[in-house]
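Please treat every number below as a calculation from the coordinates, not as lab data. The model shown is predicted, which means the values in this text are computed figures rather than measured ones. Please note: Cβ atoms are built from the backbone with ideal geometry, for glycine as well, and neighbour counts cover all protein chains shown.
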């Protein structure tokens, strides 16, 4: 994707994906994967030296990512809203099954990955917990970042055991759903892209494949999903690699 400044992106029409430079946020990577799979024309909007200070938050109202802009429609940040927009703009290839039962199942499992207290959310809580309880350990977020993320994800001192239980439970459910199939629902859907993007938090791609900032790599590998790598089943690990070798771009654009 063409990378433009926030100022440039705001002046354009069409589809624009707002991300943070060098930060492999799985929600943003999932959105980018869906957009790319559908072949939708899109630019990547990132704050640059050409922008006034705080341009990202001034546009979106938040320093996080992703946000998706389309023409003059309201900005979208939720994974459901981004997926539904992509389905509307490019109905084929479909990322959501037409069968209502499978559609409901996809949204349910996707929420287990992307939603509140889902896979990504719980790993963020565990990284925040480790950073605040033992800030001296390698991979810990700086205190300012840990407190920012803690507020964003509703961190509480006693949340770590439940977050860990949820991670293990969700991994088990995804493994059972996938079984020996090539994709979760037999054919490629958004759920496959979500697992690929969030699977990076467990099985971090090499630096040449995912050129992430050291802070993110260390936090993921030492405090986040890296601690659960041995809990990722073989079928989920193979599926993760399959998605990047057959469907998603390597190296990952950040």
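Computed extension gain for residue 72 through residue 158, at 0.36 nm per residue and net of the alpha carbon distance, reaches 26.7 nm.
The coefficient of translational diffusion for the stretch 2-89, derived via Stokes-Einstein from the alpha carbon Kirkwood radius under 10 °C and 1.306 mPa s, stands at 124 µm²/s.
Among 124-135, 9-20, 98-109, 232-243, sorting by the average number of other beta carbon atoms lying within 10 angstrom of each residue, highest first, gives 124-135, 9-20, 232-243, 98-109. Maximal additional length on extending the residue 215-residue 181 stretch stands at 8.7 nm, based on 0.36 nm per residue less the C-alpha distance. The reciprocal of the average 1/r between distinct C-alpha atoms defines the Kirkwood hydrodynamic radius, which for the stretch 157-201 equals 11.8 Å.
Its Cα gyration tensor gives the stretch 100-246 an equivalent ellipsoid; the semi-axes, largest first and in whole Å, are 27, 18, 12. Between the C-alpha center of the stretch 1-80 and that of the stretch 81-121 there is a gap of 20 Å. Of the two radii for the stretch 104-174, the radius of gyration is 1.03 times the Kirkwood radius, both from the alpha carbons; that is the Rg over Rh value. Rounded to the nearest 5, what % of the DSSP beta bridges within the chain are antiparallel ones? Restricted to the chain, the bridges split so that about 45 percent are antiparallel. Building the convex hull from the alpha-carbon atoms of the chain and averaging its projection over directions returns 13.2 nm². In the chain, Cα pairs under 8 Å separated by at least six residues give a relative contact order of 21 percent. Residues 192, 51, 58, 71, arranged from fewest to most other Cβ atoms within 10 angstrom of their Cβ, appear as 71, 58, 51, 192. Maximal additional length on extending the residue 21-residue 48 stretch stands at 8.8 nm, based on 0.36 nm per residue less the C-alpha distance.
In this rough spin-label picture, where each label sits 7 Å from Cα along the Cβ direction, the residue 169-residue 80 distance is 2.0 nm. Mind giving me the FRET efficiency for residue 231 and residue 143? R0 is 22 Å, r the Cβ-Cβ distance, nearest 0.05 is fine. The pair residue 231/residue 143 has a calculated efficiency of 0.15. Remark: spin-label model distance residue 134-residue 57 equals 3.2 nm, labels positioned 7 Å along the Cα→Cβ axis.
For the stretch 133-182, the fraction of C-alpha pairs farther apart than 14 angstrom is 68 percent.
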